[in-house]
Amino acid sequence: MSEIYEGVKFKTIFTGNDVPKDERLIQLKHWAMIFAERNLAPSDETGSAGNLSFRINKGENQFIITGSKIELKNALENDSFVTVTNCDIEKGIVYAKGIREPSSESMLHYAIYKQRPYVNAVFHGHCDEILNATEKLMLPETLKYESYGTLELINSVTEILGKESFIIMKNHGFLAIAGSVQEAGYITLRIHNETKKKL
(Lines give C-alpha, C1' and ligand atoms only; values in the text may rest on other atoms or scores of the structure.)
Protein backbone atom coordinates (compact mmCIF):
# COMPACT_ATOMS: atom_id res chain seq x y z
CA MET A 1 0.00 0.00 0.00
CA SER A 2 1.46 3.32 -1.06
CA GLU A 3 0.88 6.29 1.20
CA ILE A 4 1.67 9.87 0.29
CA TYR A 5 4.33 11.24 2.62
CA GLU A 6 3.08 14.36 4.39
CA GLY A 7 6.05 15.02 6.66
CA VAL A 8 6.43 14.15 10.32
CA LYS A 9 3.23 13.78 12.31
CA PHE A 10 4.65 14.82 15.66
CA LYS A 11 5.87 18.07 17.17
CA THR A 12 9.64 18.33 17.48
CA ILE A 13 11.05 20.27 20.41
CA PHE A 14 14.74 20.95 19.84
CA THR A 15 16.82 21.05 23.01
CA GLY A 16 20.00 21.88 21.09
CA ASN A 17 21.46 22.04 17.59
CA ASP A 18 24.42 19.76 18.26
CA VAL A 19 25.24 17.54 15.29
CA PRO A 20 25.60 13.88 16.42
CA LYS A 21 29.15 12.62 16.97
CA ASP A 22 29.56 8.89 17.45
CA GLU A 23 31.93 6.39 15.86
CA ARG A 24 28.97 4.12 15.06
CA LEU A 25 27.76 6.72 12.56
CA ILE A 26 30.32 5.27 10.14
CA GLN A 27 28.48 1.95 10.31
CA LEU A 28 25.08 3.60 10.01
CA LYS A 29 26.19 5.49 6.89
CA HIS A 30 27.49 2.22 5.43
CA TRP A 31 24.18 0.47 5.94
CA ALA A 32 22.22 3.47 4.67
CA MET A 33 24.12 3.12 1.39
CA ILE A 34 23.43 -0.63 1.25
CA PHE A 35 19.72 -0.01 1.88
CA ALA A 36 19.72 2.40 -1.05
CA GLU A 37 21.68 0.04 -3.32
CA ARG A 38 19.41 -2.93 -2.53
CA ASN A 39 16.26 -0.78 -2.93
CA LEU A 40 15.31 -1.45 0.69
CA ALA A 41 14.56 2.25 1.17
CA PRO A 42 13.12 3.43 -2.17
CA SER A 43 13.48 7.09 -3.11
CA ASP A 44 10.81 9.54 -4.15
CA GLU A 45 10.57 13.32 -4.34
CA THR A 46 10.59 13.57 -0.52
CA GLY A 47 13.68 11.42 0.11
CA SER A 48 14.21 7.77 1.02
CA ALA A 49 11.42 5.66 2.51
CA GLY A 50 13.28 4.20 5.44
CA ASN A 51 15.12 5.09 8.63
CA LEU A 52 17.99 3.65 10.64
CA SER A 53 18.93 4.23 14.27
CA PHE A 54 21.06 3.03 17.16
CA ARG A 55 20.78 3.42 20.92
CA ILE A 56 23.45 5.74 22.31
CA ASN A 57 23.96 4.33 25.82
CA LYS A 58 22.79 1.15 27.51
CA GLY A 59 20.03 1.74 30.02
CA GLU A 60 18.82 4.88 28.25
CA ASN A 61 16.32 5.35 25.44
CA GLN A 62 18.23 8.09 23.62
CA PHE A 63 19.21 7.23 20.06
CA ILE A 64 20.66 8.63 16.86
CA ILE A 65 18.43 8.33 13.79
CA THR A 66 18.44 9.39 10.16
CA GLY A 67 16.80 12.73 9.58
CA SER A 68 13.55 13.32 7.75
CA LYS A 69 13.57 13.83 3.97
CA ILE A 70 17.12 12.61 3.31
CA GLU A 71 18.37 10.44 0.46
CA LEU A 72 20.17 7.39 1.83
CA LYS A 73 21.92 6.92 -1.51
CA ASN A 74 23.84 10.16 -1.02
CA ALA A 75 27.12 10.39 0.87
CA LEU A 76 25.66 11.25 4.25
CA GLU A 77 27.32 13.66 6.65
CA ASN A 78 26.84 13.68 10.41
CA ASP A 79 24.31 16.50 10.07
CA SER A 80 22.05 14.08 8.17
CA PHE A 81 21.36 12.46 11.55
CA VAL A 82 19.50 13.60 14.65
CA THR A 83 19.78 12.70 18.32
CA VAL A 84 16.40 11.87 19.87
CA THR A 85 16.65 12.44 23.61
CA ASN A 86 13.07 11.64 24.64
CA CYS A 87 9.52 11.16 23.35
CA ASP A 88 6.05 11.72 24.69
CA ILE A 89 4.18 9.29 22.48
CA GLU A 90 0.73 10.06 23.85
CA LYS A 91 1.13 13.79 23.20
CA GLY A 92 3.03 13.31 19.95
CA ILE A 93 6.18 15.16 20.99
CA VAL A 94 9.77 14.27 20.09
CA TYR A 95 12.67 15.96 21.89
CA ALA A 96 15.76 16.16 19.73
CA LYS A 97 19.16 17.69 19.08
CA GLY A 98 20.36 18.47 15.58
CA ILE A 99 19.72 20.73 12.62
CA ARG A 100 16.92 18.84 10.87
CA GLU A 101 13.66 17.09 11.72
CA PRO A 102 14.15 13.52 12.97
CA SER A 103 12.68 10.69 10.93
CA SER A 104 8.91 10.39 10.79
CA GLU A 105 9.14 7.03 12.59
CA SER A 106 11.18 8.35 15.53
CA MET A 107 8.40 7.59 18.02
CA LEU A 108 8.24 3.99 16.78
CA HIS A 109 11.99 3.56 17.30
CA TYR A 110 11.66 5.07 20.77
CA ALA A 111 8.85 2.66 21.68
CA ILE A 112 10.94 -0.32 20.59
CA TYR A 113 13.99 0.81 22.58
CA LYS A 114 11.80 1.38 25.62
CA GLN A 115 10.17 -2.04 25.40
CA ARG A 116 13.35 -3.94 24.50
CA PRO A 117 16.26 -2.65 26.67
CA TYR A 118 18.78 -5.00 25.04
CA VAL A 119 18.00 -3.79 21.52
CA ASN A 120 20.64 -1.33 20.30
CA ALA A 121 19.69 -0.85 16.64
CA VAL A 122 16.46 -0.55 14.66
CA PHE A 123 16.34 -0.49 10.85
CA HIS A 124 13.09 0.28 9.02
CA GLY A 125 12.76 -0.21 5.30
CA HIS A 126 10.30 -0.83 2.49
CA CYS A 127 10.54 -3.75 0.09
CA ASP A 128 7.61 -5.27 -1.82
CA GLU A 129 9.57 -8.49 -2.36
CA ILE A 130 9.89 -9.05 1.39
CA LEU A 131 6.26 -8.11 2.05
CA ASN A 132 5.08 -10.52 -0.65
CA ALA A 133 7.12 -13.36 0.89
CA THR A 134 5.86 -12.79 4.45
CA GLU A 135 3.82 -16.00 4.58
CA LYS A 136 6.42 -18.17 2.83
CA LEU A 137 9.11 -17.02 5.25
CA MET A 138 6.67 -17.22 8.20
CA LEU A 139 7.62 -13.73 9.34
CA PRO A 140 5.68 -12.10 12.20
CA GLU A 141 3.28 -9.47 10.86
CA THR A 142 1.05 -6.80 12.38
CA LEU A 143 -2.67 -7.51 12.11
CA LYS A 144 -3.57 -4.68 9.74
CA TYR A 145 -2.22 -1.68 7.87
CA GLU A 146 -1.65 1.45 9.93
CA SER A 147 -0.52 4.84 8.66
CA TYR A 148 3.12 5.83 9.17
CA GLY A 149 4.10 7.87 12.21
CA THR A 150 0.92 7.13 14.15
CA LEU A 151 0.15 5.81 17.61
CA GLU A 152 -1.85 3.03 15.95
CA LEU A 153 1.22 1.85 14.05
CA ILE A 154 3.34 1.96 17.21
CA ASN A 155 0.77 -0.08 19.13
CA SER A 156 0.44 -2.64 16.34
CA VAL A 157 4.21 -3.22 16.44
CA THR A 158 4.63 -3.30 20.21
CA GLU A 159 1.77 -5.82 20.46
CA ILE A 160 3.77 -8.42 18.50
CA LEU A 161 7.30 -7.24 19.30
CA GLY A 162 8.13 -9.90 21.88
CA LYS A 163 11.68 -11.09 21.23
CA GLU A 164 11.36 -10.89 17.44
CA SER A 165 14.32 -9.71 15.38
CA PHE A 166 12.42 -9.03 12.13
CA ILE A 167 8.83 -7.80 11.85
CA ILE A 168 6.56 -7.00 8.92
CA MET A 169 4.26 -4.01 9.23
CA LYS A 170 1.32 -5.12 7.11
CA ASN A 171 1.19 -3.44 3.69
CA HIS A 172 3.82 -0.99 4.91
CA GLY A 173 7.40 -2.15 5.48
CA PHE A 174 9.74 -4.08 7.72
CA LEU A 175 11.71 -3.66 10.95
CA ALA A 176 15.06 -5.28 11.77
CA ILE A 177 15.64 -5.21 15.53
CA ALA A 178 19.04 -6.18 16.88
CA GLY A 179 21.78 -5.83 19.46
CA SER A 180 24.05 -3.83 17.16
CA VAL A 181 24.07 -1.81 13.95
CA GLN A 182 25.94 -4.54 12.08
CA GLU A 183 23.56 -7.24 13.28
CA ALA A 184 20.49 -5.27 12.17
CA GLY A 185 22.05 -4.90 8.74
CA TYR A 186 22.98 -8.56 8.40
CA ILE A 187 19.51 -9.71 9.52
CA THR A 188 17.97 -7.54 6.81
CA LEU A 189 20.28 -8.88 4.09
CA ARG A 190 19.64 -12.48 5.17
CA ILE A 191 15.87 -12.00 4.96
CA HIS A 192 16.19 -10.21 1.64
CA ASN A 193 18.34 -13.00 0.20
CA GLU A 194 15.91 -15.66 1.46
CA THR A 195 13.10 -13.70 -0.15
CA LYS A 196 14.76 -13.88 -3.54
CA LYS A 197 15.01 -17.68 -3.24
CA LYS A 198 11.29 -17.96 -2.43
CA LEU A 199 10.05 -15.84 -5.34
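The values are calculated or read from the model by the stated rules, or taken from the named source; none is laboratory data. Remember, predicted model here, so these are calculated numbers, not experimental data. Note that we place each Cβ from the backbone using ideal geometry, even for glycine, and neighbour counts take in every protein chain shown.
Testing residue 34 on (1) farther than 16 Å from residue 106 by Cα; (2) buried (at least 21 other Cβ atoms within 10 Å of the Cβ); (3) of a type in the set (Val, Ile, Thr), one condition comes back false. Which one is that?
With (1) farther than 16 Å from residue 106 by Cα; (2) buried (at least 21 other Cβ atoms within 10 Å of the Cβ); (3) of a type in the set (Val, Ile, Thr) applied to residue 34, the lone miss is (2).
List the helices (runs of 4 or more DSSP H) that sit entirely inside region 117-199 and contain at least 3 residues that are within 15 Å of the chain's Cα centre (by Cα) and more than 18 Å from residue 9 (Cβ to Cβ).
Answer list for region 117-199: 181-198.
Filtering region 8-26 down to residues that are out of contact with any Ser or Thr (no Cβ under 7 Å at 6 or more places or on another chain) and closer than 25 Å to residue 185 by Cβ, which residue is surrounded by the most Cβ atoms within 10 Å (Cβ to Cβ)?
Checked region 8-26; the qualifying residue surrounded by the most Cβ atoms within 10 Å (Cβ to Cβ) is 25.
What number goes with the only condition from (1) touching a residue at least 60 places away in the same chain (Cβ under 8 Å); (2) more than 26 Å from residue 165 (Cβ to Cβ); (3) of a type in the set (D, E, K, R) that residue 58 does not pass?
All conditions pass for residue 58, except number (2).
Okay, residues lined up against (1) touching a Phe, Trp or Tyr at 6+ places or on another chain (Cβ under 7 Å); (2) at pLDDT below 95; (3) in a strand (DSSP E or B):
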| residue | (1), (2), (3) |
| --- | --- |
| 2 | no, yes, no |
| 9 | no, yes, no |
| 12 | no, no, yes |
| 15 | yes, no, yes |
| 23 | no, no, no |
| 41 | yes, yes, no |
| 57 | no, no, no |
| 74 | no, yes, no |
| 86 | yes, no, yes |
